[in-house]
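First comes the structure, then the notes that go with it.
The values are calculated or read from the model by the stated rules, or taken from the named source; none is laboratory data. For clarity, every value in this text was computed on a predicted model and none was experimentally measured. Virtual Cβ from ideal backbone geometry, glycine too; neighbours counted across all protein chains shown. Quick note on the areas: whole protein, heavy atoms, side chains included, nothing else; ligands and nucleic acids left out. Shrake-Rupley method; radii C 1.70, N 1.55, O 1.52, S 1.80 Å.
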Amino acid sequence: MEQQIDFYFDIVSPYSYIASILIDDVARRGNAKVNWKPFLLGGVFNAVGTKEPPGLHPTKKPYLLKDLQRLSKHLKIPIKFPPDFPVRTVLVMRVLCGFNADEIPQAANTLYKAYWVNNKDIADPDVVISLVGRDAVEQAGMQEIKDKLFQSTEEAVRRGAFGAPTFFVKDEMFFGHDRLSLLELHLSGQI
């Protein structure tokens, strides 16, 4: 029986970007389906009381940059740290909530590449239109879509999320791209 991985992510998260590239292989090997769940990382931080995101802390940011460079080389995943990090992702996360579930991965990958490889300003509606289309951006302003993003963020917090990327297999939570090996072992019943 195929299991489901709920993948909570935000385009602003570099580790979610890395996870977005790795998760499909993990799911395939574990006979699982990935349910991509856009949420607002800032909303999660507010809900759990995180005062300052790790990438903004003056002593952590230099390490973050070095860590991402190492991961890029090790995993052969292109990363070019954006000069405007962190950018507001409310628009793009709403855009993603407006897509059908099976369309979210491709749209998310387009947005990830635009921000984390090509350093496009994904807070600019015109840039987002050029990436995913005018209809998707216009639809992002609908209350139903705004509510969907709010509900996804609230759901993640209720389930125990405190950052991104966060994965759930039923009630089992795995946090971070570096826990994908443990997630895979869980899917196979080894842990």
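Springs between alpha-carbon atoms under 10 Å, Gaussian network over the chain: tell me which of Pro53, Pro78, Pro62 tops the mean-square fluctuations.
Pro62
With the other protein chains left in place, how much accessible area per residue, in square angstrom, belongs to segment 29-114 at a 1.4 angstrom probe?
On the way: 4910 Å² over 86 residues.
With the other protein chains kept in place, segment 29-114 gives 57 Å² per residue.
In whole Å and largest first, what semi-axes does the C-alpha gyration tensor of the chain yield when each eigenvalue is scaled by 5 and square-rooted?
Values: eigenvalues 111, 86, 57 Å².
Equivalent ellipsoid of the chain: 24, 21, 17 Å, largest first.
Under the definition of Cα pairs under 8 Å and six or more residues apart, what whole-number percent is the relative contact order of segment 97-191? Before the final figure, lay out the partial values.
Working: 51 pairs, mean separation 16.0, N = 95.
Here the relative contact order equals 17 percent.
Could you pull out the longest piece of the chain with no exposed loop trypsin sites (Lys or Arg not before Pro) in it, calling a site exposed if DSSP puts it outside H, G, I, E, B and it has at most 15 other Cβ atoms within 10 Å?
On the way: sites that count: Lys51, Lys60, Lys76, Lys80, Arg88, Lys170.
The longest uninterrupted stretch comes out as 89-169.
Could you tell me the relative contact order of the chain? Use alpha-carbon pairs under 8 Å, at least six residues apart, and round to a whole percent.
On the way: 265 pairs, mean separation 65.5, N = 191.
Relative contact order of the chain: 34 percent.
Can you give me the C-alpha center-to-center distance between segment 154-189 and segment 1-69, rounded to a whole angstrom?
A separation of 10 Å, based on Cα centres.
Tell me, what is the 1.4 Å probe accessible area of Met142, in Å² to the nearest 10?
Using a 1.4 Å probe on the heavy atoms, I get roughly 90 Å².
Quick one: pull the percent of accessible area on the chain belonging to carbon and sulfur, 1.4 Å probe, ligands and nucleic acids left out. Let's see the in-between values first.
Numbers: 5190 of 10170 Å².
Carbon-and-sulfur percentage of accessible area, whole number: 51.
If you take the Cα atoms of segment 2-89, find Rg, then find the Kirkwood Rh from the mean of 1/r over all pairs, what is Rg/Rh? Please list the in-between numbers first.
On the way: Rg = 14.5 Å, Rh = 14.5 Å.
Rounded to two decimals, Rg/Rh equals 1.00.
How compact and how long is segment 99-160, expressed as Rg and Dmax of its alpha-carbon atoms in Å?
When restricted to the Cα atoms of segment 99-160, Rg and Dmax are 12.9, 35 Å.
Mean separation of Cα pairs under 8 Å and 6+ residues apart, divided by the residue count of segment 34-130: what relative contact order is that in percent?
Values: 64 pairs, mean separation 28.9, N = 97.
It rounds to 30 percent for segment 34-130.
Using a 10 angstrom cutoff on alpha carbons, build the Gaussian network for the chain and name the most mobile of Gln143, Gln106, Gln69.
Result for the chain, Cα springs under 10 Å: Gln143 fluctuates most.
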